Each structure stands twice: as C-alpha cells, then as structure tokens.
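What follows is one structure encoded as structure tokens, with my remarks underneath.
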Amino acid sequence: MTKRITISVPDDVAAHLEGVGARRVSGYVTDAIRHLARREEQLRQLDEVFARTGNPQPPDRERAERFLDHVAAWKNTQRA
C-alpha cells in the first residue's frame with residue numbers, strides 16, 4: 001500500500017530530484033528515507049550497547065560508526 005505525501009524541499013534538492021527523473025522520484029526518496037531510518041536504528045542500538053558497556057572514547061565511537069557505514073554499503077551491494 002502507498003500513501004501520497006506532498007513535501008517542500010530547498011531548490012538545490014528539487015533540482016537534484018528533477019535530475020533523477022519524474023518517474024523515479026518516489027522510489028529515490030523512499031530509498032533515501034529507508035537508508036536514514038536504518039542508520040538511526042543502528043545508532044540507537046549502538047547507544048544501547050554503549051549504555052551497557054560504557055561510553056567509548058571519541059575515536060572508538062567514530063570507528064564503530066564508520067563500521068556501520070561499511071556494513072550498510074555492503075548490504076546495498078548485496079541487494080543489487
């Protein structure tokens with residue numbers, strides 16, 4: 001099921017979306033939002049781990065976040 005939503009975006013974002021092509025904008029935006037939602041969930045889970053184990057030093061936290069980015073990129077290659 002889908003639901004139609006109207007949003008306003010800055011001119012630069014609109015220009016980028018116009019370059020995607022009118023037929024693909026919904027899918028493009030959907031993929032971007034799903035990616036951000038997964039990222040937010042991963043960071044939430046990481047915060048839960050750190051709450052149990054203690055907060056790491058900033059370089060270690062950055063390394064953990066980079067690892068999440070690599071996992072997400074790898075998952076995207078597996079779907080293609």
Exercise. Could you count how many residues in the stretch 1-28 are open to solvent by 60 Å² or more (accessible area, probe 1.4 Å), small (Gly, Ala, Ser) and assigned to a loop (DSSP other than H, G, I, E, B)?
Worked result: 2
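Does Leu36 qualify as being under 26 Å from Val9 (Cα atoms), among the hydrophobic types (A, V, I, L, M, F, W, C) and surrounded by 11 or more Cβ atoms within 10 Å (Cβ to Cβ)?
Answer is no for this residue.
Taking the stretch 29-71, which residues are of a type in the set (Gly, Ala, Ser) and either touching a Gly at 6+ places or on another chain (Cβ under 6 Å) or in a helix (DSSP H, G or I) (or both)?
We begin by selecting, within the stretch 29-71, every residue of a type in the set (Gly, Ala, Ser); these are 32, 37, 51, 54, 64.
Selection gives Ala32, Ala37, Ala51, Ala64.
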Problem set entry | Exclusive hit being modelled with pLDDT under 90 and small (Gly, Ala, Ser), set Ala32, Ala14, Ala73 | Ala73
Problem set entry | Number of the exception - Glu62 against (1) free of Cβ contacts under 8 Å to residues at least 24 places away in the same chain; (2) under 28 Å from Arg4 (Cα atoms) | (2)
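The values are calculated or read from the model by the stated rules, or taken from the named source; none is laboratory data. Just so we're clear, the structure is a prediction, and the values are computed from it rather than from any experiment. A quick note on method: Cβ atoms are made from the backbone with ideal geometry, for glycine too, and the neighbour counts reach across all protein chains shown. For the accessible areas, the whole protein counts, side chains as well, though only heavy atoms, and no ligand, DNA or RNA atoms are used. Shrake-Rupley method; radii C 1.70, N 1.55, O 1.52, S 1.80 Å.
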